[in-house]
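Some notes on the structure that comes next.
The values are calculated or read from the model by the stated rules, or taken from the named source; none is laboratory data. Everything numeric in this text was worked out from a predicted model, so none of it was measured. We place every Cβ from the backbone using ideal geometry, glycine too, and count neighbours over all the protein chains shown.
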Ligand code: HEM
């Protein structure tokens, strides 16, 4: 059993270490077998513990906010709570309304468009030969999909795009307060409120109409939209960028995918999500004392659910650091460990990632990164800022 551990996960410097060193540190933490405390939080690094905490929404609360540090109360009072930061009964009420609006009909209409959009992006890449994969490909598809789904008119999109970049820039997808990102967030809320007013007069086949019709008020709509923009755009963008990086680093896996995309496409998507863990961790607060194999975390204390570590847990995955599109089963926790907050956009994200790689590889089978990914170090999301590429 390991008794000394040289790293401090609460130190931002840890997150700037080379990836190999961080992976080794988490391997050591998993070997400890029980959670360990860093500063104000306990780190859950084993797959079983992350799943346990995810599924016990009554013990592991989201109500203080799931990002770190805890968002100040006044921010939440002004902007309202998005469902990721709510507990029952408010969480099930909101999730119930949203899931009803997030119907298979809305999602499948969007999914049809996802393929067209992906094809257009791939065509555009072939003609224009842009240099950065993140900007030209990875970021474009998820943003367009969320805006289509919500029903944000084209005329508002350049502004929304700019505001999203402001809310998330240099924060690794995490809200930084206070500053211009709050102004950006306020603008996003105004845009949605404006569109919602139009849709109340003239409903359309989109999420804003459905949610406004279901009784969500302007504040709830605004926080839902900003949640989707961060949860559904940043994550999917990073996953697509990691996908190209991983295909470049693993020519044998590319060969498998090229030989049989229909057979391996789904396995590829799951393995990219597992291997890259686009969201590194979310936080929970204990409602009461809870024991992890004898180590007691007290009521009121915080735990971090390290999805990135659970996804490399040798107790669950054989050869966990290998990138293997044929891995089966692949019970990764990249979309969460199950339970009440499990990612609402899982099937949409899968469709987007599948569509973009299908369309890209069909036209440009040699598409690959030409240099190292420029990473944006963060303890929250595994973000690629830029990725030079060619085909
Ligand atoms: C590869 C892309 C994605 C990844 C890795 C991802 C990951 C996650 C994770 C880890 C959670 C938290 C789960 C938990 O706490 O148990 C989450 C929640 C959520 N995701 Fe995703 N997500 C992705 C794409 C999307 C997309 C495309 C959308 C929207 C269309 C979306 C919408 C949401 C929402 C609304 C929640 C909060 C659900 C709740 O609190 O009840 N996500 N996601």
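What to note about this one:
- Among the residues of the stretch 195-241, the ones that are closer than 20 Å to residue 108 by Cα and within 16 Å of the ligand (Cβ to nearest atom) come to 12 in all.
- Selected residue (criterion: surrounded by the most Cβ atoms within 10 Å (Cβ to Cβ)) from residues of the stretch 335-357 that are assigned to a helix (DSSP H, G or I) and within 6 Å of the ligand (Cβ to nearest atom): 349
- Residues located in the stretch 363-384, provided they are part of a strand (DSSP E or B) and touching a helix residue (DSSP H, G or I) at 6+ places or on another chain (Cβ under 9 Å): 368, 369, 374, 375, 381, 383, 384
- Residue list for the stretch 46-64, restricted to those being away from the ligand (no atom under 11 Å from the Cβ) and either modelled with pLDDT under 95 or in contact with a helix residue (DSSP H, G or I) (Cβ under 9 Å, 6 or more places away or on another chain) (or both): 46, 47, 48, 49, 59, 63, 64
- Single residue of the stretch 65-95 satisfying the filter (assigned to a loop (DSSP other than H, G, I, E, B) and touching a helix residue (DSSP H, G or I) at 6+ places or on another chain (Cβ under 8 Å)) that is modelled with the highest pLDDT: 86
- When 108, 92 are checked against the criterion of being under 26 Å from residue 58 (Cα atoms) and surrounded by fewer than 19 Cβ atoms within 10 Å (Cβ to Cβ), 92 stands alone in meeting it.
- Looking across 305, 360, one residue alone is at pLDDT 95 or above, away from the ligand (no atom under 16 Å from the Cβ) and not in a loop (DSSP other than H, G, I, E, B). It is 360.
- Just one of the listed residues (365, 377, 329) is away from the ligand (no atom under 16 Å from the Cβ) and more than 30 Å from residue 31 (Cα to Cα), and it is 365.
- Entry remark, the stretch 97-120: residues being within 14 Å of the ligand (Cβ to nearest atom), part of a helix (DSSP H, G or I) and either touching a strand residue (DSSP E or B) at 6+ places or on another chain (Cβ under 9 Å) or at pLDDT below 90 (or both) number 13 in total.
- Residue match in the stretch 277-285 (condition: over 16 Å from residue 53 (Cβ atoms), buried (at least 20 other Cβ atoms within 10 Å of the Cβ) and more than 12 Å from the ligand (Cβ to nearest atom)): no
- Selection status of residue 115, more than 17 Å from residue 216 (Cβ to Cβ) and crowded, with 19+ Cβ neighbours inside 10 Å: no
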